[in-house]
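One structure is given below, encoded as structure tokens.
The values are calculated or read from the model by the stated rules, or taken from the named source; none is laboratory data. No experiment lies behind these values; they were computed from the predicted model shown. Every residue, glycine among them, receives a Cβ derived from its backbone with ideal geometry; neighbour counts consider all protein chains shown. Note: areas computed on protein heavy atoms with side chains; ligands, DNA, RNA excluded. Shrake-Rupley method; radii C 1.70, N 1.55, O 1.52, S 1.80 Å.
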Amino acid sequence: MNTELKIQTTDLYKDFGPDVQVLKGIDLKIKSGDFIALMGPSGSGKSTLLNILGALIRGTEGEVEINGRSINNLNKKELTLIRRHEIGWIFQDFNLLQNLTAIENVMIPLHLDGMTGKNATEKAMKLLERVDLADRAHHLTDALSGGQQQRVAIARALANDPDIILADEPTGNLDSESGKSIINLFLELAKEGKSVLMVSHDVALANSAHKVYVLQNGKLVEEIDSMEVEI
């Protein structure tokens, strides 16, 4: 098993009915420490690809491997464990529970994994410190700015120490400076060995990734080393 290869797809197809072919033979490799940006027009299949890699939906044909293990024929319980321990999700709309505080949101995946009490509280606080939000730990999330809410979401995504971070337009609802701070966090996570795959429409922010892929009409039609962009 190649533990450095975190994601691999081979000739991946995804159909939604006989006349709706969304992905058309995707070959993709993402290694430990990679920060990859995925771009493409609306309807090109970016979110579909992300959902397959995140073990939320299955491909129609082809192979998908996470941490060297095929997920094609795993059952629901096995896929749930992969989502819980190996993949951290970050969304454009944050997906935080507004009636909970920042630290309570971060503790949700810890509680789901059986960690409670002092241990969960201490780990959640360390994660908030990691994203420079310890001083907002006990604020309700709707009292936080968009950038702060996204950092809470990143802390939550890191709660169970996943190898892979999947980010779907994570800067789409943020101002320019907040977006840059999120990208810098992703760069730091990649340096620590995480694999980060980010869908983005922002060319400047995408170019700060290690590599940019362009998905068009269901195919990866371009793969370029990103330019150096000062952020």
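Each eigenvalue of the Cα gyration tensor of segment 110-151, multiplied by 5 and square-rooted, gives one semi-axis; in descending order these are 20, 11, 9 Å.
With an 8 Å cut-off on Cα pairs and a minimum separation of 6 or more residues, tell me the relative contact order of segment 26-148 in percent. Taking the mean separation of contacting Cα pairs over the length of segment 26-148, I get 18 percent. Oblate is the label for segment 103-194, because a/c, from the alpha-carbon gyration tensor with a ≥ b ≥ c as root eigenvalues, is 1.5 or above and a/b does not exceed b/c. Mean-square fluctuations from a GNM of the chain, with a 10 angstrom spring cutoff on Cα atoms, peak among 110, 56, 197 at 56.
Placing one equal scatterer on every Cα of segment 74-145 and applying the Debye formula, the log10 ratio I(q)/I(0) at q = 0.11, 0.21 Å⁻¹ is -0.31, -0.99.
Compactness of segment 1-135, taken as the C-alpha radius of gyration over 2.2 N^0.38 Å, stands at 1.23. When the surface is traced with a 1.4 Å probe over the full set of protein chains, residue 116 keeps roughly 90 Å² accessible. Roughly how many nanometres apart are two label points built 7 Å out from the Cα toward the Cβ at residue 97 and residue 73? It is 3.8 nm. Largest first, the three principal axis extents of the alpha carbons in segment 121-172 are 28, 27, 14 Å in whole numbers. Among 177, 104, 63, the largest mean-square fluctuation in a Gaussian network model of the chain (Cα springs under 10 Å) belongs to 177. In terms of its Cα atoms, the chain spans 48, 42, 33 Å along the principal axes, sorted from long to short.
For segment 95-231, the fraction of 1.4 Å probe accessible surface lying on carbon and sulfur atoms is 48 percent. Per-residue SASA remark: residue 69, around 100 Å² accessible (1.4 Å probe; ligands, DNA and RNA not included).
What ranking of 20, 152 comes out by heavy-atom accessible area, probe 1.4 Å, highest first? Present the calculation step by step, with values, prior to reporting the outcome.
Numbers: 20 70, 152 0 Å².
My answer, sorted largest first, is 20, 152.
When the Gaussian network model of the chain links Cα atoms closer than 10 Å, the mean-square fluctuations of 180, 118, 194 top out at 118.
Convex hull of alpha carbon positions in segment 142-231: directionally averaged projected area 6.5 nm².
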